[in-house]
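The values are calculated or read from the model by the stated rules, or taken from the named source; none is laboratory data. Keep in mind that this is a model prediction, so the values were computed, not measured. Don't worry about glycine lacking a Cβ; one is built from the backbone with ideal geometry, like all the others, and counts go over all protein chains shown.
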Amino acid sequence: MKIIAIANQKGGVGKTTTSINLSVCLAELGKRVLLIDLDPQANATSGLGVELPDDDEDASFSLYHPLIGDVPALDKVMPTRIENLSIIPSEMNLAGTEIELARTDNHLTRLQEVLAPLREADQFDYCFLDTPPSLGVLMTTSLAASDEVLIPLQCEWFGLEGLAKIVGVIEQIRDSGANPNTGVEGIVMTMFDSRTNLARQVTDEVRAHFEEQVYNTVIPRSIRLGESPSFGLPIIEHDPRGPGANAYRSLAKEFLARHTTTSDPSTEEHSATD
Ligand code: ADP
Ligand code: MG
């Protein structure tokens, strides 16, 4: 199982949209995917249309108890109605984790520890972490738990400042010893508006610096993509033949191509026709 944090400390850049739709498109390609919602705002949970039972007020469905106690993360894995896709949802109580974890000595490596049994269980090919828009504990513990980090970047000038920052934080995590192996998996340009020169200039600038780390697939700005969370639907269900669905399907294929080497026996295992 490969753990990929989807991160950028800026809000509104397409982290959650990419978490949902890349997960769904990889599941569609037959990969076994776990999406973990680590943002207390729970946008990935609601955007995917996951409804949490409310008949038991004491029940908790998020990683809150695994992170601050000794409840196994596996207990919080829920299937979704989408084949091959499971989720660990978020709830508001995760906001408390931020404060409670910060008090502990091992907060940077806490999520790493919590996810270790999930790695061993070998039920998933990819685990995506949808992270909150801040540089708080939930974000840094996510980076420290990741094998790789996928950075969504909005095609705006102010997006570039944020990029330098997140890349710097990833380096700090590596240098801290909490996770010497993580690094940037890729950068995906989001909300691209082909009618503006600015979007093109920003994309060119990012490619000039980050070269092949930047995905060829660019996610277009699309009304259908923007409205799909309000229907609780991934874009391939909300607008199956539209530009947003095409883009995220293309991103999933490009992602797999990056992660597939000829020596990797896991790649042929779970075809979409399974
Ligand atoms: P983040 O998780 O980084 O805060 P989101 O994925 O939630 O960002 O996106 C922020 C807002 O922009 C949401 O309302 C989302 O529906 C919308 N959005 C995301 N990607 C696109 C896109 N490609 N085109 C149009 N709207 C988008
Ligand atoms: Mg989000």
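Here are a few things to note about the model shown:
- Annotation note: Cβ proximity below 6 Å between a residue of region 238-263 that is under 14 Å from LEU150 (Cα atoms) and among the charged types (D, E, K, R) and a residue that is modelled with pLDDT of 95 or more and surrounded by 16 or more Cβ atoms within 10 Å (Cβ to Cβ) (sequence gap 6+ or interchain) occurs for GLU254/TYR215; GLU254/THR217.
- Check on GLY186, within 22 Å of GLN41 (Cα to Cα), surrounded by fewer than 22 Cβ atoms within 10 Å (Cβ to Cβ), touching a strand residue (DSSP E or B) at 6+ places or on another chain (Cβ under 9 Å) and touching a residue at least 60 places away in the same chain (Cβ under 8 Å): no
- Every residue from region 10-55 that is of a type in the set (D, E, K, R) and more than 11 Å from ligand 1 (Cβ to nearest atom): GLU28, LYS31, ARG32, GLU51, ASP54, ASP55
- GLY11 being assigned to a loop (DSSP other than H, G, I, E, B) and more than 16 Å from ligand 2 (Cβ to nearest atom): no
- Selection within region 44-68 - part of a loop (DSSP other than H, G, I, E, B) and either of a type in the set (A, V, I, L, M) or in contact (Cβ under 8 Å) with a residue 24 or more places away in the chain (or both): LEU48, GLY49, VAL50, LEU52, ALA59, SER60, PHE61, SER62, LEU63
- A Cβ distance below 8 Å, combined with a sequence gap of six or more or placement on separate chains, defines the contacts here; from region 8-19, residues that are closer than 15 Å to LEU251 by Cβ reach residues that are within 6 Å of ligand 1 (Cβ to nearest atom) and in a helix (DSSP H, G or I) in the pairs THR16/ASN43; THR16/PRO229; THR17/LEU225; THR17/PRO229.
- Scanning region 14-30 for residues that are within 11 Å of ligand 2 (Cβ to nearest atom) and either surrounded by fewer than 24 Cβ atoms within 10 Å (Cβ to Cβ) or more than 17 Å from ILE87 (Cα to Cα) (or both) returns GLY14, THR18.
- Within region 78-95, not a single residue is within 16 Å of ligand 1 (Cβ to nearest atom), part of a helix (DSSP H, G or I) and within 30 Å of VAL202 (Cα to Cα).
- Boolean, GLN41 is surrounded by fewer than 21 Cβ atoms within 10 Å (Cβ to Cβ), under 18 Å from the mean Cα position of the chain (by Cα) and part of a helix (DSSP H, G or I): no
- One residue stands out in region 123-182 among those that are aromatic (Phe, Trp, Tyr) and in a strand (DSSP E or B): the one that is nearest to ALA199 (Cα to Cα), namely PHE128.
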